[in-house]
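The values are calculated or read from the model by the stated rules, or taken from the named source; none is laboratory data. Source: prediction; values computed, not measured. In this analysis, Cβ positions are derived from the backbone assuming ideal geometry, glycine residues included, and neighbour counts consider all displayed protein chains.
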Amino acid sequence: MKRWLLLIFLSCAGGAWAQLAPVGADPVVDEIRIRSTWGGLSPDSPLITELVVRRSDGGFTMTGTSSRAGKLTAMPPMRASTGDVAALVAAMEAPSRAKFDAGDLGRPDRDVQARIDGEMESESGEDFPIDPAIAGRMQAYRETLRHPGDLATALTAGFRSFHTDDYPGVWVEIALSDGSKIVASSRSQQYLMLPWNRDGQPPTYSPAISQALWRLLPKGATNRDRLHGPISDFELDELVTAGLFDVLNRFDAEAKAGDALRVLEASFVVEEARAQKRLSWMQLGPVLFASLRLPDGPKNLHMKVRLPLKGSALENSDADLARLQAALSLVQRTPALAARIRDQPGEDFRIYDGFGYAWLNERTAEQFIAQMRQLGRIEQLGDNPGLMRGAVMVEEGDAPAYWIALADGRAVLWKKFTNAAATPTTVRCSSIPMGDDIDELLESRKNHLCIGRIYPP
């Protein structure tokens, strides 16, 4: 539904001017605020552009600042196109698009198909033990990617890719005359910074917000060049590789760890699987990496596992299955956590089983108790040697919050990665232990907010 009306008036001199005017109860655009940032491994970091677009003199005026490595520069006021403002409003109010359309790449289909062929061929080399049945299914899958719907599914998966030393962000808020606001944001590193997030709506893979912002932002604004196509060769390679990553890894896991997969599939939904051969330089393997959930469990609760292999089977099958089922079952029957997972369907909740950046090992358990003591809540929690026995840690969201599910059914919202200031009931605290070399640095940064809220069973 359009919430504003664009009226264009021609002046006597033959020029044109425009304004947004109300029709009935429909509000008009009063102000647009844009904050575009980038951080990474660069002497110029951080780069920040902040803009305000206000309605004035029958049109819009844009003012703002740019910052490079902390040096702030004021931008001269400039007129903003009424048509560009209208396009941004329309894009931010449009329905979400659940999948990316390959037609928005700005490249012919033959370029995309050539990249897919190259990726499939790379999985058929001497390191991939081709079984005829698996090879046939791989070829059948490859043929599906010639159809727009299946290609859209694969390319959309590629937008989950992530790399280091490149942290863009764009936040847009449109204030309307009735006091309501429309907000969109993205922290994506991918093509056109897709997907965009909007309050109360699923992420959208439509390029409309990116294109409208590109037209509205002045030249030189932070991240402006990321909002315009066509996709580069490098970006296309990255998107196709990431989009096929899970599917091709699954074929590889079936070839190398088929017996292990079949055992897991009898008890879990195996969302992702990847077999890793032995890596002597890091004393690892062979192992099977997988993302699991219980068949009756919520689709946004995942357990990330790394399980030792013996041949193509699990080395410790019975013990592994019992441990994984117990952890997922505990979280699903812990009332506070179960409600949180149910009420946040757009957020991922993750349990890491003995590997990754954050998992509940002995050092992490010790830190939990120490930080709960710092918050003055250890007595309420019950400081006893068996407190952490059978406990499970759950990581929520991209800027993670950490929960502890205790064996007695209680849940603790432990801490969250945030810049928020401490309150009378919270404290700034360090992150999950990650190893001796980095923990001292993380301790000094105190980049988390310890909350320590205890929920009953």
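Observations
- When the residues of segment 147-203 are filtered to those that are surrounded by fewer than 18 Cβ atoms within 10 Å (Cβ to Cβ) and among the hydroxyl-bearing types (S, T, Y), the one that is modelled with the lowest pLDDT is T164.
- Residues satisfying the stated conditions in segment 308-330, i.e. more than 14 Å from I351 (Cβ to Cβ) and touching an Asp or Glu at 6+ places or on another chain (Cβ under 8 Å): P308, L309, G311, S312, A313, L314
- Within segment 38-77, the set of residues being exposed (fewer than 14 other Cβ atoms within 10 Å of the Cβ) and touching a Pro at 6+ places or on another chain (Cβ under 7 Å) comprises just one member, A69.
- The C-beta contact set for segment 143-154 (first residue free of Cβ contacts under 8 Å to residues at least 40 places away in the same chain, second residue assigned to a helix (DSSP H, G or I) and of a type in the set (G, A, S), distance under 8 angstrom, 6+ apart or interchain) comprises L145/A154.
- Of the residues making up segment 430-456, those that are in a strand (DSSP E or B) and at pLDDT below 95 number 1.
- Here the strands (runs of 3 or more DSSP E) wholly within segment 44-83 that include at least 1 residues being touching a residue at least 12 places away in the same chain (Cβ under 8 Å) and more than 23 Å from S185 (Cα to Cα) are 59-68, 71-80.
- Checklist (1) over 25 Å from L47 (Cβ atoms); (2) outside any helix (DSSP H, G or I) applied to P218, failing item: (1)
- Any chance P168 is touching a residue at least 40 places away in the same chain (Cβ under 8 Å), in a strand (DSSP E or B) and within 16 Å of R97 (Cβ to Cβ): no
- Test result for Y352, of a type in the set (S, T, Y), closer than 22 Å to G452 by Cβ and touching a Phe, Trp or Tyr at 6+ places or on another chain (Cβ under 6 Å): yes
- When A327, A407, A411 are checked against the criterion of being in contact with a Phe, Trp or Tyr (Cβ under 6 Å, 6 or more places away or on another chain) and either at pLDDT 95 or above or of a type in the set (A, V, I, L, M, F, W, C) (or both), A411 stands alone in meeting it.
- Flag if R226 is touching a residue at least 60 places away in the same chain (Cβ under 8 Å) and in a helix (DSSP H, G or I): no
- Residue that is farthest from P457 (Cα to Cα) [pool: residues in segment 329-344 that are surrounded by 19 or more Cβ atoms within 10 Å (Cβ to Cβ) and either charged (D, E, K, R) or without any contact (Cβ under 8 Å) to a residue 60 or more places away in the chain (or both)]: I341
- Matching strands (runs of 3 or more DSSP E) fully within segment 244-328 where at least 3 residues are touching a Cys at 6+ places or on another chain (Cβ under 9 Å) and surrounded by 15 or more Cβ atoms within 10 Å (Cβ to Cβ): none
- Top-ranked residue in segment 360-378 [being closer than 14 Å to H448 by Cβ and within 27 Å of the chain's Cα centre (by Cα); ranked as surrounded by the fewest Cβ atoms within 10 Å (Cβ to Cβ)]: T364
- Residue under evaluation D117, criteria (1) under 27 Å from the mean Cα position of the chain (by Cα); (2) surrounded by fewer than 17 Cβ atoms within 10 Å (Cβ to Cβ); (3) among the charged types (D, E, K, R), criterion not met: (1)
- The sole residue among G397, G382, G386 that is of a type in the set (G, A, S) and touching a residue at least 12 places away in the same chain (Cβ under 8 Å) is G397.
- Total residues in segment 69-85 satisfying the condition of being among the β-branched types (V, I, T) and out of contact with any Leu (no Cβ under 8 Å at 6 or more places or on another chain): the figure is 1.
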